[in-house]
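Below is one structure, written out as structure tokens, with a few remarks after it.
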Amino acid sequence: MCGIAGYIGERNSPEVLFDMLERLEYRGYDSAGVMFIAGRKINIIKDKGKVSEVRSRVKPERYKSDIGVAHTRWATHGVPSKVNAHPHADCKNLFAVSHNGIIENYVSLRRELTLKGHKFQSDTDTEVISHLMEENYKGDLLTAFRESLDVLEGSYALAVLCVKEPNRILIARKESPLIVGLGKQENFIASDAPAFMPYTKEIIILNDFEYGFVEKDRVEVFDLVSGKKLKKQKSKITWDVKEAEKAGYHHFMLKEIMEEPDAVSNALKASGELKKIASRLKGKKRVYFVACGTAYHAGLTGKYLLENFGIQSEAVVASEFRYSTVDTVDKDCGIVLISQSGETADTIAAGKRAREKGAYVAGIVNVVGSTIARLVEDVAYTYSGPEIAVASTKAYIGQLVSLTQLALYLSLSSRKISVKEFERLQKELKGVSGKIKAVLSDGKIREIAEECAVKKTFFYIGRTLNYPTALEGALKLKEISYLHAEGYPAGELKHGPLAILEEDVVVIAIKTGRHLEDKMDSNIQETKARNARTLIVAEDGEIKVPRVDVLLTPLVNIVPLHLFAYYISVLKGLDPDKPRNLAKSVTVE
Ligand code: G6P
């Protein structure tokens with residue numbers, strides 16, 4: 001949800017910053033901008049549009065500068081426009097501010113600053129920070145920064161520069177991610193590590209309520225409350241830069257779908273951590289899976305997996321959990337947060353509230369070192385590698401594998417399954433990678449997508465373990481094709497949706513699993529009787545999937561639905577990697 005970047009060093013900062021923005025674009029892409037110091041003044045190049053469009057218009061190679069901050073935007077306050085694009089300056093063009101987050105008290109701050117004579121250019125909440133810096137700066141940059149941060153309410157990751165001290169970039173973090181990349185005689189600042197992966201893999205992660213500055217050969221971080229200087233640990237990114245590039249595919253989404261077989265084997269690497277989490281969940285009166293979007297659908301699958309073994313559990317979307325369900329939570333509950341990015345604001349808040357209530361909180365997370373990974377007591381990484389396309393695909397597979405393992409460990413230790421059954425399922429789980437490969441090599445799904453791309457309404461139906469698959473299949477299609485798609489429990493069709501079924505509607509029935517097959521058959525007959533184009537996902541369906549154990553069907557059934565959504569998006573001439581109005585990492589409430 002907005003990507004921020006900063007650079008200081010011997011390279012040409014406008015060019016480096018546009019490179020970084022291109023890698024951060026999954027966080028937002030309605031406008032982009034860079035502010036840098038050259039000729040002792042702040043230069044601004046920003047505009048509405050995707051990073052590549054803005055880059056080709058402003059031509060950063062025309063400039064020369066060794067320090068700058070940048071931003072790629074996902075609008076919250078103020079429509080996407082040149083004037084609302086970040087970074088933002090103050091009245092005198094002394095400061096440049098790049099911000100991710102929301103300043104909740106910006107209306108009152110703006111009123112006060114206006115009364116003091118400040119003139120605002122944009123409708124954004126961020127611009128108050130530039131004017132606060134201008135107001136507070138009396139010759140000491142860090143003091144002015146701290147005084148400005150003290151009055152801000154809400155969330156922020158900030159990169160700020162000042163023309164009067166052109167050797168440093170100020171940084172601060174509260175509830176929005178910020179990482180410093182350490183180079184030789186150069187340093188980088190970004191919302192996420194892929195931004196600077198071609199340049200360095202050595203990083204420092206900022207925590208909430210930390211602020212400081214970055215020079216080309218020095219980084220200093222302080223505690224915002226005590227003002228004390230902190231000793232920050234350096235860490236190393238283990239991802240390879242190639243993993244964050246398209247590797248010959250037209251889109252990241254297709255590349256990431258093709259990486260789904262590896263997502264299975266990678267997630268299996270965390271079995272030790274999952275075993276530990278299972279041992280802590282054992283005996284809890286209830287297990288909650290808490291997440292947003294696709295990760296929530298993985299959590300809902302987790303609930304059905306545990307119920308299958310007779311273990312009580314719930315899946316709740318984080319934005320509901322944090323304001324209601326959490327009130328019923330106590331030390332006898334176990335909470336599993338699920339998140340690809342590890343930075344989703346609602347999931348973070350839900351986890352914090354659950355910890356305050358004394359619950360045990362664990363995480364299944366993809367991004368190593370992310371906020372959720374550090375917030376929980378125990379974390380199992382999915383190790384899916386960087387996921388860049390906004391619509392989550394391989395990370396979902398990783399989450400499902402982790403949840404299946406967790407369910408197996410928990411049911412084994414709770415004596416709900418025998419060792420023999422446990423070992424059989426573990427072996428089958430390892431074999432799923434090959435089954436997914438087989439689905440990916442079937443060309444039929446593209447033909448089906450060609451036929452369906454002209455339709456306007458899609459229903460995805462499934463039961464129990466594959467009800468979340470139906471929700472996720474529908475979510476993928478609506479996210480990237482802008483078509484009306486709904487996931488439904490198959491048994492609920494007759495309680496409403498049947499009324500709108502007709503020839504022009506597509507129904508995708510996820511039938512596999514030999515589980516409640518007769519029931520699904522009846523539902524399929526109901527949709528066919530209304531002339532809906534009905535596609536069946538089954539071993540012998542029009543959308544074919546290989547035979548696996550019932551518990552593992554969500555892992556193979558979603559794969560053709562990922563491809564289906566991808567092809568429809570491309571056939572409609574859309575960019576599946578960057579759906580309108582969406583962002584990959586939702587760091588605001
Ligand atoms: C956004 C993304 C989704 C993702 C959801 C949760 O809505 O577009 O793809 O599933 O956030 O994100 P998380 O990083 O917590 O899994």
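The values are calculated or read from the model by the stated rules, or taken from the named source; none is laboratory data. Please read these numbers as outputs of a predicted model, since none were measured by experiment. Every residue, glycine among them, receives a Cβ derived from its backbone with ideal geometry; neighbour counts consider all protein chains shown. Side chains included, ligands, DNA and RNA excluded: accessible areas come from the protein's heavy atoms. Shrake-Rupley method; radii C 1.70, N 1.55, O 1.52, S 1.80 Å.
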Rolling a 1.4 angstrom probe over the protein heavy atoms, how many square angstrom per residue are accessible across the stretch 242-430? 36
Determine the alpha carbon to alpha carbon distance for each of LYS50/LYS478; LYS394/LYS444; LYS255/LYS476; LYS201/LYS234; LYS455/LYS478; LYS174/LYS228 and list only those over 19 Å. LYS50/LYS478; LYS394/LYS444
Report P(r) for the stretch 42-133: all Cα-Cα distances, bin width 5 Å, range 0 to the bin holding the largest distance, values in whole percent. 2, 14, 24, 24, 18, 11, 5, 2, 0
Based on the mean of other Cβ atoms within 10 Å per residue, sort peptides 158-166, 397-405, 3-11 so the most packed one is first. 397-405, 3-11, 158-166
With the label point 7 Å along the Cα-to-beta-carbon line of SER226 and a cut-off under 13 Å to each amide N, the hits in the stretch 155-190 are none
Per the rule of 0.36 nm per residue minus the C-alpha distance, extending ASN43 to ASP240 adds in nm 67.6 nm
Order the peptides 556-563, 113-120, 44-51 from the highest to the lowest mean number of other Cβ atoms within 10 Å of their residues. 556-563, 44-51, 113-120
Which distance in nm do the two modelled labels at VAL550 and GLU104 give, with both placed 7 Å along the Cα-to-Cβ direction? 4.6
Percent antiparallel among DSSP beta bridges with both residues in the chain, to the nearest 5? 60
Rounding to the nearest 20 debye, state how big the charge dipole of the stretch 3-237 is about its Cα centre with +1 on each Lys and Arg Cβ and -1 on each Asp and Glu Cβ. 560
How high is the relative contact order of the stretch 441-589, in percent, counting Cα pairs under 8 Å that sit 6 or more residues apart? 29
The stretch 242-430: projected area of the alpha-carbon convex hull, averaged over directions, in nm²: 9.8
Before I look further, what does the stretch 3-237 give for accessible area per residue, probe 1.4 Å, in whole square angstrom? 39
Give the lysines whose C-alpha is closer than 23 Å to that of LYS119, dropping any in the same chain fewer than 8 places away, or say none. LYS41, LYS46, LYS48, LYS82, LYS92, LYS138, LYS164
Accessible area per residue, 1.4 Å probe, Å², for the stretch 441-589: what's the number? 38
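How high is the relative contact order of the chain, given as a whole-number percent (alpha carbon pairs under 8 Å, six or more residues apart)?
It comes to 12 percent, rounded to a whole number.
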Helix by helix through the chain, keep the DSSP H runs that span 27 Å or more along the axis on Cα and average at least -0.5 on Kyte-Doolittle, and give those back in order. 394-413, 419-440, 553-571
Ignoring ligands, DNA and RNA, please state the percent of accessible area on the stretch 441-589 from carbon and sulfur, probe 1.4 Å. 46
Excluding residues fewer than 8 positions from LYS519 in its own chain, the lysines with Cα under 20 Å of it are LYS494, LYS511, LYS528, LYS544
Amide proton proximity set for GLU153, modelled H, under 5 Å, gap of 5+: GLU104, ASN105
Over the stretch 3-237, what is the relative contact order in percent, taking alpha-carbon pairs closer than 8 angstrom and at least six residues apart? 19
Using the Kirkwood formula over every pair of different C-alpha atoms, what hydrodynamic radius in Å results for the stretch 3-237? 17.1
Shape descriptor, the chain: equivalent ellipsoid semi-axes (Cα gyration tensor, sqrt 5λ, whole Å, largest first) stand at 44, 27, 21
I need the fraction of alpha carbon pairs in the stretch 441-589 separated by more than 23 Å, rounded to a whole percent. 33
Averaging over all projection directions, find the projected area of the Cα convex hull of the stretch 426-513 and quote it in nm² with one decimal place. 6.7
Taking the Cα centre of the chain as origin, sum charge times position over the Cβ atoms of Lys and Arg (+1) and Asp and Glu (-1), and report the length of that vector in debye to the nearest 20. 860
Put a dot 7 Å past each Cα toward the Cβ at GLU61 and GLU542; how far apart are the dots in nm? 5.0
Under 22 Å from the Cα of LYS284 - lysines, other chains or at least 8 residues apart: LYS275, LYS276, LYS303, LYS331, LYS352, LYS357, LYS416
Mind jotting down the three principal axis lengths of the stretch 288-337 based on Cα atoms? Whole angstrom, largest first. 28, 27, 13
Evaluated at q = 0.23, 0.27 Å⁻¹: base-10 log I(q)/I(0), Debye formula over Cα of the stretch 523-589: -1.02, -1.11
